[in-house]
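Chemist: Attaching a single structure in structure tokens format; questions to follow.
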2 protein chains.
Amino acid sequence: MAAQNGACKTVLAGSIAKSLLAEVQEGLKTIDRPPRLYGFLANKDPAARMYADWTAKTCKENGFDFILKEVEREDLEDEIRSANNDDDADGMIVYYPVFDSTRDRTLQWTVNMYKDVEGLSPQLISNMYQNIRFLDPPTNLKKSILPCTPLAVIKILEHLHIYNTFLDYGKRLFGRRITVINRSEVVGRPLAALLANDGAEVYSVDVTGVQHFSRGSGLRNQKHEVRDMEGWGLEQCLPISEVVISGVPGDKYKVPTNLIREGAVCINFSSEKNFNPDVKEKASIYVPAIGKVTIVILLRNLLRIVQNRPSTNAPAQEE
Amino acid sequence: MAAQNGACKTVLAGSIAKSLLAEVQEGLKTIDRPPRLYGFLANKDPAARMYADWTAKTCKENGFDFILKEVEREDLEDEIRSANNDDDADGMIVYYPVFDSTRDRTLQWTVNMYKDVEGLSPQLISNMYQNIRFLDPPTNLKKSILPCTPLAVIKILEHLHIYNTFLDYGKRLFGRRITVINRSEVVGRPLAALLANDGAEVYSVDVTGVQHFSRGSGLRNQKHEVRDMEGWGLEQCLPISEVVISGVPGDKYKVPTNLIREGAVCINFSSEKNFNPDVKEKASIYVPAIGKVTIVILLRNLLRIVQNRPSTNAPAQEE
């Protein structure tokens, strides 16, 4: 039953995080003081608390300053505005959900985009979907900030050589077919867009159906376009996908192993295990969790924000 | 019609040959005198003459000795036997076809396997098909010699990062589907076997039909097995193959571009152009010819033969 010679390579997020951290450490040497991150905790969610503790620990271990601000949720919008104008705060993160409603979206939009380590500001989100990679065209020295979890997945795919560095930057996924199971606004949809913008054909799957994200034949378009795949399901997507990325919340959901293509690369970004153990009999590479990479991306984004800053505390309307 | 932003990268064999030559140059430094190659020309074929001239030029430019021996074809078998026992000849190459019949096979078998730069000796061929990679198991210091053109294709795939070096050696094509059009004994069939032994699922296509070469689910077998794909043709193979390798002789044959998968890697090893120009609208990478790589592989094999030698001028029956 099981592959006798263990062809599947299980890759833990910690090992990937380590090589990214080395890169972040190099970057830290180029700036004059430790970057400072404010973390706003305004709920009683134990997962948010854990994430905050984890941020604190990772910052401390890696030469970043972290200040946790525990506030009442009704005060949070003012607190964010105050941090926007506080030179002490290089960046900030809000531990969501706060109101667990569309009001959280308003909070995201309150964060100054030049301090937004989560990459959730409207301009940053728009850049991401439009495949605009820099904040300062045409100079193109300041890279736009990408949301942490989708970027973590991309950094993992780079680490696994799924991005082909022989191809030109921006086209390194050309020829790849990738299924992303989850189309949330926070992770699944931005991830599908980023992968398609880098050249992949992406099948974005959720309970409502399948959407195809692609830049078209020969990557003829500068950014991805989306079309509905009527009548499609995992039965159609999985057998043709070399990469399967799943992030379905809850412990009930499992990606059907029998549909996964021989030698596929399987990545789970759910906090639960979306893949059955027998995925290792099919996959070439299996990444069971990505949290440790996500947290490094947070630091990387903060570093980038500081590096982007010197010559521009430019107002957002310049974009 | 055409991809507006030129997503396809056309890669010329010369650029790949260059990086392989650098590696060969490094290897030359480890031995005490230039390796000497005997070339046997026993026909009036202008293509063979050209190949011989090309060998001479490449040897000269890269610090190898080359001695061209023009002989009558009826004398060739004796000449080979004599070279087998001639310490002056480190390796030899015969420019085929000589008799253009099964008698050529006898000539191939006359060449001492320890001087066979073409990798056509029965023991070497057997090692290749059996996925036995060394001549001296279990020490495993002396790599078995592989036939030049198939190995050239493999080196090209490594150069293009189709071999994923994140995966373990011997499994770096796991998850890849590759169509090879041509199943000759000299190139197509050994190539399909080599690719499958490295983990790929290979569709080997010729006029008689399609065969599937694979190590089985989860690479469970140590070497590939072959099964006939009843009713299959290019219509089935091409749309699911990320790599298409074609080597059909003659200028009539063209791989149907419409069947090639978006973003495929397309490699031509025919002396004619097997791909239509519009392949560039579909492919991510297109390699129009491979000859310059093949000739470097010849030198690389010769170097390896010399490197393999010191402690064994062992008789073939030891294998």
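Chemist: Kindly indicate the residue of segment A:230-287 that is of a type in the set (D, E, K, R) and more than 14 Å from chain B (Cβ to nearest Cβ) and also nearest to B:LEU173 (Cα to Cα) among those meeting that condition.
Modeler: Looking at the filtered set, the residue picked out is A:GLU235.
Chemist: Could you list all residues from segment A:190-244 that are acidic (Asp, Glu) and free of Cβ contacts under 8 Å to residues at least 60 places away in the same chain?
Modeler: Within segment A:190-244, A:ASP198, A:GLU201, A:ASP206, A:GLU225, A:ASP228, A:GLU230, A:GLU235 meet the criteria.
Chemist: Report whether or not A:LEU191 is closer than 16 Å to A:PHE269 by Cα, within 14 Å of chain B (Cβ to nearest Cβ) and in a helix (DSSP H, G or I).
Modeler: So A:LEU191 does not fit the description; no.
Chemist: Given the conditions (1) modelled with pLDDT of 95 or more; (2) over 17 Å from B:GLU262 (Cβ atoms); (3) not hydroxyl-bearing (Ser, Thr, Tyr), and given that A:VAL202 satisfies all but one, which numbered condition is not satisfied?
Modeler: With (1) modelled with pLDDT of 95 or more; (2) over 17 Å from B:GLU262 (Cβ atoms); (3) not hydroxyl-bearing (Ser, Thr, Tyr) applied to A:VAL202, the lone miss is (2).
Chemist: Another question, then. Say whether the condition of being touching a strand residue (DSSP E or B) at 6+ places or on another chain (Cβ under 6 Å) and assigned to a helix (DSSP H, G or I) is met by at least one residue in segment A:196-204.
Modeler: yes
Chemist: Would you check if B:GLY170 is farther than 23 Å from B:ILE145 by Cβ and within 12 Å of chain A (Cβ to nearest Cβ)?
Modeler: Answer is no for this residue.
Chemist: Same structure, new question: Please verify whether segment A:176-187 includes one or more residues that are open to solvent by less than 10 Å² (accessible area, probe 1.4 Å) and within 13 Å of another protein chain (Cβ to nearest Cβ).
Modeler: Checked against the condition, which is being open to solvent by less than 10 Å² (accessible area, probe 1.4 Å) and within 13 Å of another protein chain (Cβ to nearest Cβ), segment A:176-187 yields at least one hit.
Chemist: Tell me yes or no: at least one residue of segment B:4-15 is on the phi > 0 side of the Ramachandran plot and out of contact with any His (no Cβ under 7 Å at 6 or more places or on another chain).
Modeler: yes
Chemist: Name the residues in segment A:213-231 that are open to solvent by less than 30 Å² (accessible area, probe 1.4 Å), out of contact with any helix residue (DSSP H, G or I) (no Cβ under 6 Å at 6 or more places or on another chain) and assigned to a helix (DSSP H, G or I), would you?
Modeler: Passing the criteria: only A:LEU219.
Chemist: I would also like to ask the following. Hey, A:VAL94 hits all of (1) within 12 Å of another protein chain (Cβ to nearest Cβ); (2) in contact with a Leu (Cβ under 7 Å, 6 or more places away or on another chain) but one; which does it fall short on?
Modeler: (1)
Chemist: Out of curiosity, is A:ILE93 in contact with a Gly (Cβ under 7 Å, 6 or more places away or on another chain) and either closer than 13 Å to A:PHE40 by Cα or not assigned by TED's automatic domain parsing to the domain that holds A:ASN43 (or both)?
Modeler: When the stated conditions are applied, A:ILE93 passes them.
Chemist: Check whether at least one residue in segment A:108-119 is closer than 30 Å to A:ARG215 by Cα and of a type in the set (D, E, K, R), and report yes or no.
Modeler: Checking segment A:108-119: at least one residue is closer than 30 Å to A:ARG215 by Cα and of a type in the set (D, E, K, R).
Chemist: Regarding B:THR165, is this residue of a type in the set (Ser, Thr, Tyr) and free of Cβ contacts under 8 Å to residues at least 12 places away in the same chain?
Modeler: Answer is yes for this residue.
Chemist: Sort out which residues of segment B:205-224 are more than 14 Å from every other protein chain (Cβ to nearest Cβ) and in contact with a strand residue (DSSP E or B) (Cβ under 8 Å, 6 or more places away or on another chain), and write them in order of number.
Modeler: Listed by number, the residues that qualify are B:VAL205, B:ASP206, B:GLY209, B:VAL210, B:GLN211.
The values are calculated or read from the model by the stated rules, or taken from the named source; none is laboratory data. Just so you know, these numbers come straight off a predicted model, no measurement behind them. Note that each Cβ is placed from the backbone with ideal geometry, even for glycine, and that neighbours are counted across all protein chains shown. Only protein heavy atoms, including side chains, enter the accessible area calculation; ligands, DNA and RNA are left aside. Shrake-Rupley method; radii C 1.70, N 1.55, O 1.52, S 1.80 Å.
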